[in-house]
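The values are calculated or read from the model by the stated rules, or taken from the named source; none is laboratory data. What you see is a predicted model, and the numbers here were worked out from it, not measured in a lab. FYI the Cβ positions are ideal-geometry reconstructions off the backbone, even for glycines, and counts take in every protein chain you see. Calculation scope for accessible area: heavy atoms of the full protein, side chains included, ligands and nucleic acids excluded. Shrake-Rupley method; radii C 1.70, N 1.55, O 1.52, S 1.80 Å.
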Amino acid sequence: MQIQCHGIVKDYHQIRAVNQVSFTADAGQITALLGPNGAGKSSLMRMLIGLTLPDQGTIEVQWQEQQHSALPPACFAYLPEDRGLYQDRSVEQNLAYIAKLRGLDTGRYQQQMTHWLERLELADKRKLKLSELSKGNQQKVQLCSCLLGEPDCLILDEPFSGLDPVNQELVVALLQEYRAKGKLILLSAHQMALIERLADRIILMQQGKTLGQGPLTDIREQLGDQQQLEVHWQQPPQAQAWQGFLTLYPTAQLQQNCLQLSIQPDCDLNQLLTQVLQLGQIQHWQLEHSSLHQLYLKAVNSQEAA
Amino acid sequence: MKLWTVCKFEFSRFFKWQQELISLGLIVFIYGFMAVWGLLQQQDDEQRVRQLGWLSELQAPELDGVRWHPVQGNISELVQNYDLIVDLTPNSVQLYHQQSRDWQQDIARQVANWWQDHQLQAMDLPERALELVQNRPSLIWQRFNEQGEVQEDSLFSAEDLGFFALILVGIGAFTSFAYLLQSITSEKQQRVTEQLLTLIDAQTWISGKILGIGLLALKTMLTTSLILLAVFQAIFFYYDGQLLRLELSWVLLPMLLFILLGLYWVIALMAGLASLVNDPNHSSKSLLMLIPMLPLLLSFSLLNSLDGNLALYSSIVPITSYAVMPLRLAAGEASWGQALLALALLLPTLWAMRWLAGRIFQAGIRSYGRELGFSELMYQLTRKQS
């Protein structure tokens, strides 16, 4: 299964919600849509599932050796941003209704309902009305409703919303398992640390446009992200030696006995480390990339400034 | 298949056995309480000692359960000690009292009748003249059916059946109004819409809703008629010592057909219009839902002129026929031809209303957060469907 979007545009009352977005999402992968509120993530999802139509551009879905202009209802489940279940009905009644509408027979959905409710630690709450559950548990019921029938594609709009860290991990593990079955998962989220671990591909959006997309390494490249060198000496370097270092590496920053330096792509690491060693006795050092959180903030802020 | 899933869900969402039984129990309790209360009041009335004064020079009449005390003196003082004082004058019956009571009217009537009889007897009229003056002629009505046979007198006629049916349609329509408004606005507020629209199309959803809510309306109409019937039977049995004789005839079938078809399009249109409402507390659009019920109000005004032209035309025009034709059928005013013509016009209207409701629903149910304006609604209705 594959989803391909080409130059998607969507306007709402003279506001361009989605502007020339193109991307590909494949089966067996988790694709994450990231971006601030109002970036166009939900609008894009609504077009993918056929709730609205794009004003421009095309959506191509390859499923079961056929091509479709939106996701066929039989192949996907959708988790809306706002919980979309009946508050006055029990967990069981809500799930049974969704399962029947998805075309599952009673025996099959009963078995699957029990399985997923146990998996999401909701088995003892199946008789309770949805309004009696906490926000996080309601979100898990919503996720459970998506998993009934085990569709080939999950479209999840903020699946971690309202979940505590323990439940977030539970859902991460569940999604990883689901991906391992060869399913396509497209989700949006604001939990960068989780997405960094979970997503195979990332689409970074702002004001309807894509700022970067692909695996995290590609995103880093597209956003010109540099590795950060951090060195802690036992004592601060001598002023004269530090001035000499600055002439070679003008962007270096010194805070007491700690050096922070962005590594340029053409930088000779051997020469750099030799220079660093000359500045004093090293206590601790690390070389790392910016986190997704930092990348996200950097990209969004620079776009806003532009 | 999905249509029936939605239908069953909508029905079971609002139909609760426990509440039904509690409601029925409450009605029986209230009825029983009122009956017992009436009996207690009657007993209390009978046991109460009433002080009745007789002021006239004439000898006081002997009336059932009445005991007179001959009195004389100042009326304003006497009324403080007596519940009612009666004084007969040559042309009138004078009654004095401090507080009004229902039983005083009853006694006054009996005294007036007695006084009239007393005066007539004093005139020494021939017996036949006396009989004529005292007894009015009895009116005897006899009804013939279409076959020219004498129709047995019924306490509950076909005309009453038409009126009763109209009341029930009103109950069904208002029940549907309430359920639809609650069902659809809560779905919009709880954002169930997006989830469901990925599983079913808007037309299947609204069709299932119409059926489910329609069944609820029929259930309410059925239970209401059974309760009313039981209450009427009890009242008739209490006062007349006999049960109501129900006049069932073939006319019930076409009446029922018109009612069902009419209710269907009324519910369909109300469902479509309900989807335009985001919050019933802050939207005037819910009033639009009352428009399909206007024919019902119109038909009440036609109850006494079912043989008129207005009733004839409105029983054929498809917007009003579901309410007026059952009345005319019950009253025997409508011919088969008129009924068939009305039905032939009603069926395509039903289809058109269902289509219109589906289009309104499709546009309205997706607009959460803000309500659709009329110009936008018109655009959505007229644009080509994707």
If we only count helices (runs of 4 or more DSSP H) wholly inside segment B:181-287, which ones have 2 or more residues that are aromatic (Phe, Trp, Tyr)? B:202-240, B:252-274
Exactly one of these conditions fails for B:THR175: (1) open to solvent by less than 10 Å² (accessible area, probe 1.4 Å); (2) among the hydroxyl-bearing types (Ser, Thr, Tyr); (3) away from every other protein chain (no Cβ under 14 Å). Give me its number. (1)
Consider segment B:263-293. How many of its residues are free of Cβ contacts under 8 Å to residues at least 12 places away in the same chain and acidic (Asp, Glu)? 0
In segment B:329-365, anything open to solvent by less than 60 Å² (accessible area, probe 1.4 Å) and not in a helix (DSSP H, G or I) is listed as B:ALA331, B:GLY332, B:ALA334, B:SER335, B:ILE365
List every residue pair whose Cβ atoms lie under 6 Å apart, where the two residues are 6 or more positions apart in sequence or sit on different chains, the first residue falls within segment B:187-213 and is more than 20 Å from A:LEU148 (Cα to Cα) and more than 10 Å from every other protein chain (Cβ to nearest Cβ), and the second residue, located anywhere, is part of a helix (DSSP H, G or I) and of a type in the set (S, T, N, Q). B:ALA202/B:GLN362; B:ILE213/B:SER176
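Table: residues versus (1) out of contact with any Pro (no Cβ under 6 Å at 6 or more places or on another chain); (2) modelled with pLDDT under 80; (3) within 30 Å of A:ASP105 (Cβ to Cβ); (4) open to solvent by less than 90 Å² (accessible area, probe 1.4 Å).
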site	(1), (2), (3), (4)
B:TRP4	yes, no, yes, no
B:PHE11	yes, no, yes, yes
B:LYS16	yes, no, yes, yes
B:GLY25	yes, no, no, yes
B:VAL36	yes, no, no, yes
B:GLN41	yes, yes, no, no
B:VAL49	yes, yes, no, no
How many residues, within segment A:9-57, are surrounded by fewer than 17 Cβ atoms within 10 Å (Cβ to Cβ), within 17 Å of the chain's Cα centre (by Cα) and closer than 21 Å to A:GLU304 by Cα? 3
Exactly one of A:GLU177, A:GLU150 is closer than 30 Å to A:GLN110 by Cα and free of Cβ contacts under 8 Å to residues at least 24 places away in the same chain, and that residue is A:GLU177
From the options A:GLY136, A:GLY149, A:GLY103, residue that is modelled with pLDDT under 95, within 21 Å of the chain's Cα centre (by Cα) and not basic (Lys, Arg): A:GLY136
Scan the strands (runs of 3 or more DSSP E) fully inside segment A:41-133 and keep the ones with 1 or more residues being at the interface with chain B (Cβ under 9 Å from one of its Cβ atoms). A:76-79
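Restricting attention to helices (runs of 4 or more DSSP H) lying wholly within segment A:215-293, give those where 2 or more residues are under 26 Å from A:PRO36 (Cβ atoms). Step through it out loud before you land on a result.
Details: elements: A:216-222, A:239-248, A:269-278.
Hits in segment A:215-293: A:216-222.
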Return only the number of the condition from (1) at pLDDT 90 or above; (2) open to solvent by less than 30 Å² (accessible area, probe 1.4 Å) that A:ALA70 does not satisfy. (1)
Here, helices (runs of 4 or more DSSP H) confined to segment B:1-104 with at least 1 residues that are free of Cβ contacts under 8 Å to residues at least 12 places away in the same chain and away from chain A (no Cβ under 14 Å) are B:17-47, B:75-78
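Results for (1) among the polar types (S, T, N, Q); (2) within 21 Å of the chain's Cα centre (by Cα); (3) open to solvent by less than 50 Å² (accessible area, probe 1.4 Å); (4) under 23 Å from A:ALA25 (Cα atoms), shown as yes or no for each residue.
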residue: A:ALA189; (1), (2), (3), (4): no, yes, yes, yes
residue: A:LEU198; (1), (2), (3), (4): no, yes, yes, yes
residue: A:LEU216; (1), (2), (3), (4): no, yes, yes, yes
residue: A:LEU223; (1), (2), (3), (4): no, yes, yes, yes
residue: A:VAL231; (1), (2), (3), (4): no, no, yes, no
residue: A:GLN264; (1), (2), (3), (4): yes, no, no, no
residue: A:HIS289; (1), (2), (3), (4): no, yes, no, no
I'd like to know if segment B:133-154 contains one or more residues that are away from chain A (no Cβ under 14 Å), at pLDDT 85 or above and not in a loop (DSSP other than H, G, I, E, B). no
